[in-house]
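The values are calculated or read from the model by the stated rules, or taken from the named source; none is laboratory data. In this text the structure is predicted, and so the values were computed from the model without any measurement. In this analysis, Cβ positions are derived from the backbone assuming ideal geometry, glycine residues included, and neighbour counts consider all displayed protein chains. Heads up: the accessible areas ignore ligands, DNA and RNA and are worked out on the full protein's heavy atoms, side chains in. Shrake-Rupley method; radii C 1.70, N 1.55, O 1.52, S 1.80 Å.
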Amino acid sequence: MEFRLAISSMIKFTNVSKEYKIDEGYTFFALKKVNLEIKEKEFVSIMGPSGSGKSTLMHLIGLLDRPTNGQIYIANKEISKISDDEISRLRNEFVGFVFQQFNLISKLTVFENVVLPTIYSRRSLDFSPQERTLEILTKFGLKDKINSYPNKLSGGQQQRVAMARALIMKPRLILADEPTGNLDSKTGHEIMMLLEKLNKEEKITIVLVTHEVDIAKYAKRTIKIRDGMIEN
Amino acid sequence: MKNFIFIFKSAIEDFSRNKLRTFLTSLGILIGIFAVVVLMALGLGLKKYISDQFETMGKNSLFLVPGRVLSGGSFTGSVSSVSGRFDDRDLQTLKKINNIIGVAPLAFKSTKIKGLLKEDYGDIMFSSETFADIMGLEIDTGRFFDKSDVSKKTKVIVIGSKIATDYYGSIEEAIGKKITIDNVKFTIIGVTKSKGGGGMGGFDYDKYLFAPYTTGFIFNPDKRFFRLSVKVKNENYISQVKEDIKKEFLKRYKDEEFSIVEPTELMSAITSIFSVLNLILVAIAAISLLVGGIGIMNIMYVTVSDRIKEIGIRRALGARKSDISYQFLAESVLLSSIGGLLGLGFAYLGVLLAESFFPAYIDLLTVIIALGVSSAIGITFGVFPARKAANLEPVEVIRYE
Ligand SMILES: Nc1ncnc2c1ncn2[C@@H]1O[C@H](COP(=O)(O)OP(=O)(O)OP(=O)(O)O)[C@@H](O)[C@H]1O
Ligand SMILES: [Mg+2]
């Protein structure tokens with residue numbers, strides 16, 4: 001519940017590095033001493049060439065990965081100090097993910113995909129999972145698809161299901177890694193307008209990775225990254 | 001717990017999508033549980049059969065047989081030859097011992113028997129009036145021979161119900177009729193109640209004839225007995241009587257020339273031999289359970305690799321390591337339990353079929369063991385794949401294509 005309070009600093013990186021040991025004696029630096037801060041209610045885009053470390057950065061923000069060096073603060077909490085189960089809880093309640101490849105579970109229906117995060121919640125929810133799922137899917141124009149399987153949907157529909165799933169737990173932060181990468185430009189802009197609306201109306205902080213300039217324009221601020229370093 | 005229900009529900013949905021794979025995976029457990037349960041059922045049946053056989057012998061009896069039968073609770077084999085048979089003198093010795101209320105010697109004769117409808121070979125047991133009591137024989141019609149028949153050597157005979165129907169058509173027809181045993185005519189004074197049984201080396205008393213041993217000396221001129229049975233006053237005297245008999249008989253015989261057998265003692269010896277044999281067979285059958293468990297483990301490892309992407313997505317959505325672990329554990333436990341249930345079902349059918357010619361039955365304990373063992377196998381062999389799934393790094397599996 002503490003995350004519902006006003007948090008001025010949503011994400012803060014101090015000297016964060018991510019290294020990969022490739023061979024004996026050779027280390028690849030995917031991120032080098034990154035410092036950045038993203039405030040609550042911000043809409044930030046991250047841009048950079050392929051391989052520059054954008055996804056690596058997103059995975060660190062989304063608590064899917066841990067840094068090699070440096071500190072990451074999520075809602076003023078230093079993540080290296082919290083347990084694996086607590087991190088799972090933050091991923092469940094605090095963050096919503098939207099991926100380029102949609103990442104829906106193919107054997108579950110649209111409805112089951114969207115309701116899935118509520119299954120992993122360990123606290124009593126202030127909403128009915130079934131009702132909220134139906135409500136969001138209706139709002140996203142997917143009411144008649146609730147019992148369909150993901151492979152029967154178009155790319156734009158699948159991405160909207162993924163957005164619905166990201167929203168089900170009422171997150172304070174949405175991380176979107178090239179959400180329009182697999183969509184045509186019209187559908188891409190529809191998805192972006194949905195994100196924009198969430199930021200404006202529901203004050204959800206949004207971090208977006210893209211390499212398309214006109215997609216990045218939806219954000220109010222752009223962070224440029226190259227070779228694992230933030231450009232100023 | 002919503003999570004728990006959800007996990008099992010999704011595992012079952014997974015299986016119904018892959019019915020053939022599910023069946024093949026649980027086949028090992030199915031066969032293992034089938035074999036174990038059938039063998040246990042046969043073991044139980046055999047045990048019950050043995051105790052039923054001994055139950056028919058009257059309580060508080062002791063048997064004297066030539067040679068060594070039991071030593072230290074198990075068979076030693078050597079039942080001595082004809083030379084070690086008892087005689088009338090031994091019978092008199094027994095009669096003098098305190099607290100013995102009846103003595104039944106036993107001599108056999110296999111010979112030609114001629115009745116109204118039939119002439120064939122049959123077996124006659126010659127004994128005393130106590131025999132019916134000691135062996136648990138009951139009379140259907142008429143009477144058993146009594147003390148005076150024995151002392152007067154009357155030519156009376158009691159026949160089994162099967163003999164009555166075979167040689168005379170019915171029990172009523174047989175009563176009072178004459179029957180010719182090796183050219184000697186006997187009068188039928190009683191027919192025994194059918195006991196069924198027989199088979200598997202046990203006596204089928206329905207096919208025997210019983211006459212006083214004194215009359216039987218006609219066929220048994222050297223007055224030898226195959227066995228001496230003793231009825232003791234009550235169970236408190238059994239060990240004392242046993243001691244006394246031993247003391248008396250040692251005056252005439254060597255220790256290894258005779259044995260005093262208590263039916264219950266004999267029964268427990270036989271039962272323990274069969275139990276050990278049964279246990280060995282069950283243990284061999286259990287090896288197939290091990291193989292079945294390894295089969296499940298193998299498939300679970302494949303499942304984990306197949307579903308790396310799904311695991312990553314679930315972790316990104318907030319699943320803890322333990323949630324993932326339980327999901328895969330639930331699947332392996334369900335797989336092995338399905339195998340266990342099917343195995344139990346087939347074993348039940350098998351036992352139903354076997355029942356007509358072999359005593360076998362499944363008891364509650366067997367059911368509990370079968371289901372317990374199959375789910376334990378699911379847990380044991382599911383733990384490692386489940387742990388592998390749970391320990392996958394979320395970022396690795398999200399990047400996985
Ligand atoms: N597990 C790993 N082992 C070694 N190198 C890795 C690993 N994961 C990522 N990298 C490397 O880190 C660098 C950054 O990868 P990242 O996925 O963050 O790039 P990106 O900016 O998202 O690129 P794209 O625009 O193509 O998605 C790449 O050079 C990649 O090869
Ligand atoms: Mg990327």
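Shown here: chain B, whose C-alpha atoms stretch 104, 50, 35 Å along the first, second and third principal axes, sorted largest to smallest.
Once the partner protein chains are put back, the stretch B:355-401 shows a loss of at least 10 square angstrom of accessible area, versus the chain by itself, at B:PRO394, B:VAL395, B:ILE398, B:ARG399, B:GLU401 (probe 1.4 Å, ligands and nucleic acids excluded).
Taking amide H positions as modeled 1.01 Å from N, with prolines and chain starts lacking one, the residues under 5 Å from A:ILE223 and 5 or more places away or on another chain are A:SER45, A:ILE46, A:MET47. Backbone amide hydrogens, once placed in the peptide plane, bring A:THR68 within less than 5 Å of A:SER17, A:LYS18, A:GLU19, excluding anything fewer than 5 places away on its chain. Here's how it looks for A:TYR120: its modeled amide H is under 5 Å from none belonging to a residue 5 or more places away or on a different chain. Pair-distance distribution of the protein assembly as shown: all C-alpha pairs, bin width 20 Å, starting at 0; shares per bin in whole percent are 16, 29, 17, 14, 16, 9, 0. Put a dot 7 Å past each Cα toward the Cβ at A:GLU78 and B:ASN220; how far apart are the dots in nm? Going from the B:ASN220 label point to the A:GLU78 one covers 10.1 nm.
Remark: the protein assembly as shown carries 47 Å² of accessible area per residue (probe radius 1.4 Å; ligands, DNA and RNA excluded). Selection among B:VAL191, B:ALA211, B:ASN391 by position relative to the dipole of chain B gives B:ALA211 as farthest towards the positive end (Cβ unit charges, Cα centre). Note that the stretch A:217-231 has calculated 3J(HN,Hα) couplings of 4, 5, 7, 8, 9, 10, 9, 9, 10, 8, 6, x, 10, 6, 9 Hz, one per residue in order, obtained from phi through the Karplus relation 6.51 cos²θ - 1.76 cosθ + 1.60 (θ = phi - 60°); glycine and proline are x. Relative to the Cα centre, the charge distribution of the stretch B:83-252, modelled as +1 at Lys and Arg Cβ and -1 at Asp and Glu Cβ, gives a dipole magnitude of about 620 debye. Each residue of the stretch B:339-355 is assigned a 3J(HN,Hα), and the resulting list reads x, x, 5, 5, x, 5, x, 5, 4, 4, 4, x, 5, 4, 5, 6, 3 Hz, derived from the Karplus form 6.51 cos²θ - 1.76 cosθ + 1.60 (θ = phi - 60°), x at Gly and Pro. Using alpha-carbon positions, what is the distance between the centroids of the stretch B:257-311 and the stretch A:131-186, in Å? Going from one Cα centre to the other spans 53 Å.
The phi torsions of the stretch B:369-383, fed into the Karplus equation with coefficients 6.51, -1.76 and 1.60 and a -60° offset, translate into couplings of 4, 4, 6, x, 5, 5, 6, 5, 5, x, 5, 4, 8, x, 4 Hz, rounded to whole numbers, with Gly and Pro shown as x. Considering only B:SER322, B:ILE294, B:ALA354, the residue lying farthest towards the positive end of the dipole of the stretch B:262-401 is B:SER322, judged by Cα position with unit charges set on Cβ. Which of rounded, prolate, oblate describes the stretch B:83-252, given a ≥ b ≥ c as roots of the alpha-carbon gyration tensor eigenvalues and a/c under 1.5 marking rounded, otherwise prolate only if a/b is larger than b/c? Prolate. Summing Cβ point charges (Lys, Arg +1; Asp, Glu -1) relative to the Cα centre of chain B gives a dipole of roughly 240 debye. Ordering B:LEU94, B:PHE34, B:ILE179 by Cα displacement along the dipole of chain B toward the positive end leaves B:LEU94 in first place; charges were set at the Cβ atoms of Lys, Arg (+1) and Asp, Glu (-1). Using a 1.4 Å probe on protein heavy atoms, which residues of the stretch B:289-314 have at least 50 Å² less accessible area in the complex than alone? For the stretch B:289-314, once contacts with the other chains are taken into account, B:ILE313, B:ARG314 lose 50 Å² or more.
Counting only Cβ charges, +1 for Lys and Arg and -1 for Asp and Glu, the dipole size of the protein assembly as shown around its Cα centre is about 540 debye. In straight-distance terms, cross-link reach from A:LYS143 covers every one of the lysines whose alpha-carbon lies under 27 Å from its own, apart from those fewer than eight places away in the same chain; here that gives A:LYS107, A:LYS152, A:LYS170, A:LYS186, A:LYS197, A:LYS200, A:LYS203, B:LYS2, B:LYS9, B:LYS309. Given a 1.4 angstrom probe, I'd like the percentage of the accessible area of the protein assembly as shown that is carbon and sulfur, rounded to a whole number. That share works out to 57 percent.
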